[in-house]
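**Q** Sending over a structure as structure tokens; questions will come in a sec.
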Amino acid sequence: MAVANGSGDYSSKMELDAFRHLFPMQFHDSHHAKSIRPDAREIREARYTTVVLGSVASADGSALVKIGSTTMLAAIKMEIMTPTAESPDEGSIAVEFHMPPICSPVVRPGRPADAAPVISKQLLETITSSGMIDLKDLCLFSGKAAWMAYLDIYCLDADGALFDAALLSAVAAFSHLRIPIVSLNDDGRVVLVPKNKDKNASEELKGPANKEEKRKLKLKNVPFSLTCVLHKSYIIADPTAEEESLMETVVTVVLDSSYQLLSLYKPGGPAVANTSAIQGCVTLAWQRINELKKILHEAISDMEVD
């Protein structure tokens, strides 16, 4: 009897998988009618999210973020640059988003993913326009030296809502960032200040990173985002890659930690999404920010305890 039940369960699963493969939209709609999704989430529920700081020992700041299966590794490397004549008191930030072939079956070796440069640009615009980082905090000596923060984000698993996970990993990496303290020596060269603060023992910038005094970067107006897909009368939060591919209207809402709307991004899909649907996306983003702020705060607290 047990064998029969087991065989029946296996047969049912095969039929369900076949139905999902042959009629994917009907498969999802059958779940939506019950106010659930194929992964057992509610329609407006985001996936389980984790943040781990300090994932890359050789970086000045780093973080590993997972939203469901979507996984991002962010790392920051600081280098000294000569500030521009237009902004002699400011440093700079460069962002590069990478999608290696391991992240998704649709990314082919030797062919860069179309989404990578788009997300790189969107991340840089969000970070700079939010005011999260005061570029003056990256200045070392006016007109002579400033920090350039190189942020690289690697997508390890692309299972939907890539921008949301990438932005969270960027924010987490900057939260973990520790910037070396420097001074000018008698020759006018930039040198690192050791922890013992013995000026005679100052090392040049290429010295061992674990011997320098470091400082945290003050962040404000931290941006967070939530991506939703609009399908029929449903607003589906934090979509998987499968959901994004099936449902044509994707909306990403970016808010800062004070709940101010920073941007609304809608690539492709119908030209117009009704006002109530957009407002529903913004409301869900407000709720999601509370979750993300708590998750990030816990990750920072855990790092400080360690």
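The values are calculated or read from the model by the stated rules, or taken from the named source; none is laboratory data. Note that this is a predicted model, so its numbers are computed, not measured. Every residue, glycine as well, gets a Cβ built from its backbone with ideal geometry; the counts of neighbours run over all protein chains shown. When the accessible area is computed, the model is the full protein with side chains, heavy atoms only, and any ligands, DNA or RNA have been set aside. Shrake-Rupley method; radii C 1.70, N 1.55, O 1.52, S 1.80 Å.
**Q** I'd like the Karplus ³J(HN,Hα) series for the stretch 83-91: coefficients 6.51, -1.76, 1.60, θ = phi - 60°, whole numbers in Hz, and an x wherever there's a Gly or Pro.
**A** In residue order, the calculated couplings are x, 6, 5, 6, 9, x, 10, 10, x Hz.
**Q** Now for a different question. Count the DSSP beta bridges whose two residues both fall in the chain, then state the antiparallel fraction as a percent rounded to the nearest 5.
**A** Taking every DSSP beta bridge within the chain, about 90 percent pair in antiparallel fashion.
**Q** In addition: To the nearest 10 Å², what's D187's accessible area with a 1.4 Å probe?
**A** Surface accessible to solvent at D187 totals approximately 130 Å².
**Q** In percent, how large is the relative contact order of the stretch 1-120, given Cα pairs closer than 8 Å and 6 or more residues apart?
**A** 10
**Q** Follow-up question, since we're still on this one. Ranked highest first by average number of other Cβ atoms within 10 Å, how do 52-60, 106-114, 72-80 line up?
**A** Going from most to least packed, we get 72-80, 52-60, 106-114.
**Q** Under a plain spin-label model, where a point goes 7 Å from the Cα along Cα-to-Cβ, how far apart in nm are K218 and S183?
**A** Each label point is offset 7 Å from its Cα along the Cβ direction, giving 2.3 nm.
**Q** Could I ask something else about it? Would you work out what percent of the accessible area of the chain, with all protein chains in place, is carbon or sulfur (probe 1.4 Å)?
**A** 54
**Q** Also: So what J values fall out for the stretch 44-51 if you push phi through Karplus, 6.51 cos²θ - 1.76 cosθ + 1.60 with θ = phi - 60°, rounded to Hz, Gly and Pro as x?
**A** With the stated coefficients, the stretch 44-51 comes to 9, 9, 7, 7, 4, 10, 10, 9 Hz.
**Q** Using Cα pairs under 8 angstrom and six or more residues apart, how large is the relative contact order of the stretch 136-199, in percent?
**A** 17
**Q** Which order do the peptides 39-51, 141-153 take when ranked by the mean count of other beta-carbon atoms within 10 Å per residue, highest first?
**A** Taking the mean over residues of other Cβ atoms within 10 Å, the ranking is 141-153, 39-51.
**Q** Pull up the DSSP beta bridges for the stretch 60-186 and report the antiparallel fraction as a percent, rounded to 5.
**A** Around 75 percent of the beta bridges assigned by DSSP in the stretch 60-186 are antiparallel ones.
**Q** I would also like to ask the following. Kindly report the accessible area of the stretch 1-122 per residue (heavy atoms of protein chains, probe 1.4 Å, no ligands, DNA or RNA), in Å².
**A** 60
**Q** Once every DSSP H run of n ≥ 4 in the chain is given -39500 (n - 2.57) and the sum is divided by its residues, what mean residue ellipticity at 222 nm do you get, rounded to the nearest 500 deg cm²/dmol?
**A** Taken over the chain, the calculation gives -10500 deg cm²/dmol.
**Q** Consider the candidate values (i) 1.07; (ii) 0.94; (iii) 1.01; state which one is Rg/Rh (Cα atoms, Kirkwood Rh) computed from the structure displayed.
**A** (i)
**Q** While we're looking at this one, here's another question. Would you mind checking the pairs K220/K293; K77/K136; K136/K220; K218/K266; K13/K66 and listing those with alpha carbons more than 22 angstrom apart?
**A** Violating the 22 Å Cα-Cα cut-off are K218/K266; K13/K66.
**Q** What does the charge count near A161 come to, summing +1 for each Lys or Arg and -1 for each Asp or Glu among other residues with Cβ under 9 Å from its Cβ?
**A** Here the charged neighbours net out to -3.
**Q** Using 0.36 nm per residue, how much length does the chain from L246 to T84 gain when fully extended, once their Cα-Cα distance is taken away?
**A** Net length gain for the segment: 53.7 nm.
**Q** Report the one residue of P38, G91, M72 whose Cα lies farthest in the direction of the positive end of the charge dipole of the stretch 34-145 (charges on C-beta: Lys and Arg +1, Asp and Glu -1; origin at the Cα centre).
**A** Looking along the dipole axis, the top candidate is P38.
**Q** List the relative contact order of the chain as a percent without decimals, with contacts defined as Cα pairs under 8 Å and 6+ residues apart.
**A** Reported as a whole number, the value is 17 percent.
**Q** Once you charge only the Cβ atoms, +1 for Lys and Arg and -1 for Asp and Glu, what is the size of the charge dipole of the stretch 213-265 about its Cα centre, to the nearest 20 debye?
**A** Result for the stretch 213-265 is approximately 580 debye, rounded to the nearest 20.
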